[in-house]
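Just so it is clear, none of the values below were taken in a lab; they were calculated from the coordinates. Just so it is clear, the model here is predicted, and its values are computed rather than measured. When we count neighbours, we look across all protein chains shown, and the Cβ atoms used for this are built from the backbone with ideal geometry, even at glycine.
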């Protein structure tokens, strides 16, 4: 299958709502492993690709790290796995809920999802209800949703997109509303519409973009020594390698974090020095920048890379970022706020996978 035309669909929801079963229902066969242990945290991210109704879809069944009370430290590997599987970003989010009362627990799960991504993600989302047998006879899902203020608000934010399936009972091939075959066909149309509405784009954020850069870099490395591996095989191996790197807590990784902090400390100290000591209204010249910022930073970099050679590449990237940040200050009055500059630097070089996060 052509990866460039495959649409990534991320299934989100709390433990026990039937995400894995929904994925199997969409694909029409049992591909995803179903965890029948209620409340179990052993469920891992699964991703599979298949052609359905003439479209290539990758379904990514995310673990329930959005459950209230889930330990971020314990779930971090699965968060990383989910992120690497859907990088550079999902085309569609399917928020999976049961046909049941919309309680504070469900509200908390939605809040956790939006905190992790953002409310912008809802422009790419649809709500899918499972356990459709609980839907009163003759009642459509839109009518059911309208009876709950919380559900109505959520579905409205998702562009009014909602569907219902029943992974256990709606097994008939009849072309009517209470049929998985009918509902899946409608859901695939909704996926198409979401992609079109977003101009063939996908949801992304800074974290997903950084993960994708790492994957592409690993793909290039694999290509140079892969022999006759296909692009799909290369991508799969690259994703796996990046996942391992991101969850590696070896001493070398800790040294990288320490080196990065040392560089940042040197950068901020140099910036503080020039901003505090410069006369108000006096232009900051390129010579001043070289003397008071570039040279001190270069000294710090040299000391770190001499002691820890393997961090030279990541340190070099930080230095390039600093150059981008300070360049606009050349030949301009030093009226910039020091804390704004520090904040900008932090946003540019912050690594969410750094052990010092």
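Computing FRET efficiency as 1/(1 + (r/R0)^6) for residue 226 and residue 193, where r is the C-beta to C-beta distance and R0 is 30 Å, gives about 0.20.
For region 7-204, the Kirkwood hydrodynamic radius from C-alpha pairs, put into Stokes-Einstein at 20 °C and a viscosity of 1.002 mPa s, yields a diffusion coefficient of 127 µm² per second. In plain terms, the residue of 86, 158 with the fewest other Cβ atoms within 10 Å comes first and the most crowded comes last, giving 158, 86.
Counting neighbouring beta carbons within 10 Å and listing from fewest to most, the residues 84, 6 come out as 6, 84.
Kindly put 123, 217 in sequence by how many other C-beta atoms sit within 10 Å of each C-beta, fewest to most.
Values: 123 15, 217 12.
Arranged by neighbour count, lowest to highest, 123, 217 become 217, 123.
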